1. Which of A:86, A:63, A:31 sits closest to the plus end of the dipole of chain A, meaning its Cα is farthest towards the positive end, when Lys and Arg get +1 and Asp and Glu get -1 on the C-beta?
2. For the stretch A:23-29, take each phi angle, set θ = phi - 60°, evaluate the Karplus expression 6.51 cos²θ - 1.76 cosθ + 1.60, and give the result in whole Hz per residue in order, putting x for glycine and proline.
3. Which of A:82, A:35, A:44 moves most in a GNM of chain A, Cα contacts under 10 Å?
4. Between rounded, prolate and oblate, where does chain B land on the alpha carbon gyration tensor, with a ≥ b ≥ c its root eigenvalues, rounded for a/c under 1.5, else prolate if a/b exceeds b/c?
5. Do you know the relative contact order of chain A, to the nearest whole percent, from alpha carbon pairs under 8 angstrom that are 6+ apart?
6. Hey, what angle do you get for helix B:192-202 against the long axis of chain B, alpha-carbon based, 0 to 90 degrees rounded to 10?
7. Residues with amide H under 5 Å of residue B:154's amide H, sequence separation 5 or more or different chain, H placed in the peptide plane at 1.01 Å from N; which?
8. Based on the Cβ-Cβ distance of residue B:222 and residue B:402, what FRET efficiency does E = 1/(1 + (r/R0)^6) give at R0 = 56 Å, to the nearest 0.05?
Amino acid sequence: MTDRVSDIVQKVRSKNAGPFWVTLDLFCGSAPAFERITRGLSDEKIASLLGLESGALKRFELPDLHVLKFSAPRPAVQGIREDRDMHGAGWAVLIAELEID
Amino acid sequence: MVKVLVPSGALGLGYDPVALKRGIAANPDLIAIDGGSTDSGPFYLGEGVSKYARASTKKEWAGLIVARQAAGVPLVIGTAGTCGAGRAVDWLVDITDEILRETGTSARVAVLKSDQSARHLKASLAQGHITPLQPAPDISEALLDACSNIVALAGAEQINAALDTGADIVIAGRTTDTAIIAALPLARGCHAGAAWHGAKIGECGALCATNPQSGVIMLEFDAEGFTVTPLADGAYASPHTVSAHMLYENSDPFLLYEPGGHLDVTDARYTALDERRVRVEGSRWVPSDRYTVKLEGARIAGYQTILMALIRDPRYVAASDHWCADVSEKCSQKVSDRLALAPDAFHIELRQIGKNATLGALETAIGDPVELGILAIITADTQDIAVEIGKLLNPYLLHHPLTSGEEQPSFAFPFSPPEIDRGPLWEFCLNHVLTLQDPMDGFDLQVLELGLD
């Protein structure tokens, strides 16, 4: 059975980490949710959704916090003509709406 | 033990005055507040201006100056005026003088400027003292010359030099978010890992606790670790809220690079002292071989004019991709004809608000909008050319038909004229570190007597 990421986790947050990076935090809220999210969200899946090479992603699993974190160089540096989203806010919604097994 | 009172995550965001009073009553050794960030984009550094309203800045800064007088300890602000460029620092110095005069007081103010001259940086570049971070734009002498402002992020050493002047108030240009908090504990021999880790936890004020909008927290540093205490009613720190703050705006939740080394919190232990306070020990500071400061620079990458048209006709909403492409193509052709511009000398984008404006090609949800905002963004080498292209685009946005045979349509314009000059398109163009022989190289420290003579 598939569920939306937003139905499994407490919160998805995306923010700039300086003008050249964006970081994505998935607050899972419980050990079972953390297990399911870390299993369901491969680097390849996240990278393809965000239009990145999977090698560009840094992945951090923080079981004590039930947090899965991804960071990546911004596809468009903050504020350049090609950048649509000054604070990197939109990625969170994209991930929250993703369906996983 | 050293106590640092942090009123909020940034001057201009507001703080809880009751909690601030509580903090003053607890006898802090220093009051520290951040004045900025790159998070709002390159414009602020480009122009050297503040994001926040002068009125908010003045009111909140005046409250902190009063609190400082009551506590009899230094008040430090880092990255003054959002960007920490000299012009923004001067802006806050002016506001400070105004507040002091209006309240009939005076103060000794240390002003630390972080501005870097292109001339010095070109010499540093030639000597191999500028190193790219990942990812970094290509650097050259021409790029350094093109920046309107270049700043270096000061660390604890420069803040301590400012505090050592005996100043009542320190107004610093660009610093790391953490340096203003970590400096005094480091100078007084507290645990270095704890000084930097506590500073990172506290730099956004009560964002590391529940009731994050309340702002005010106290950080207590000693030889083994630090303790964080939120001071507002209804604000509680827990091991979870505190440790989770290492994730915030940080690409690596365990490491934080600072001038002179890095913080490693991999082995940090977070313990609840009671329902409000958290104790942290086990963070490590790893000194580096070289003393480096990060550089930030902004330059103009063009000038923009924008227009907005609103499409409500269902037929046009349904065919918006085709319509936008057709308008862009026909207008680009006209620009080439009328202005004799090469195709790469200008850029026209029609962004469909209500369809995929946030995510562009990454959008996965197909909606069924009742109307679309067509945000036209024109970029050119000068403002005059950009607005001229806007005027060429205007008739297409107003009347362009889907097919040549149909009656001429009209679309809604919210403004007259629809062309809005956005001014320069600024971009961040440095992600590099500069190696310094002495931490004060390239920083300017002055002491001023402000307020009543």
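Any read-out appearing in this document is the output of simple, stated calculations on the displayed coordinates, not a laboratory observation. Keep in mind the model is a prediction, meaning the values are calculated, not measured. Glycine also receives a Cβ, built like all others from the backbone with ideal geometry; neighbour counts cover every protein chain displayed.
1. In chain A, that residue is A:86.
2. 10, 10, 10, 10, 8, 7, x
3. Comparing A:82, A:35, A:44 in the GNM, the peak value goes to A:82.
4. It comes out prolate by the Cα gyration axes.
5. For chain A, the relative contact order is 39 percent.
6. It works out to around 50 degrees.
7. Residues meeting the criterion, in which the H sits 1.01 Å from N, are B:175, B:176.
8. Approximately 0.20, to the nearest 0.05.
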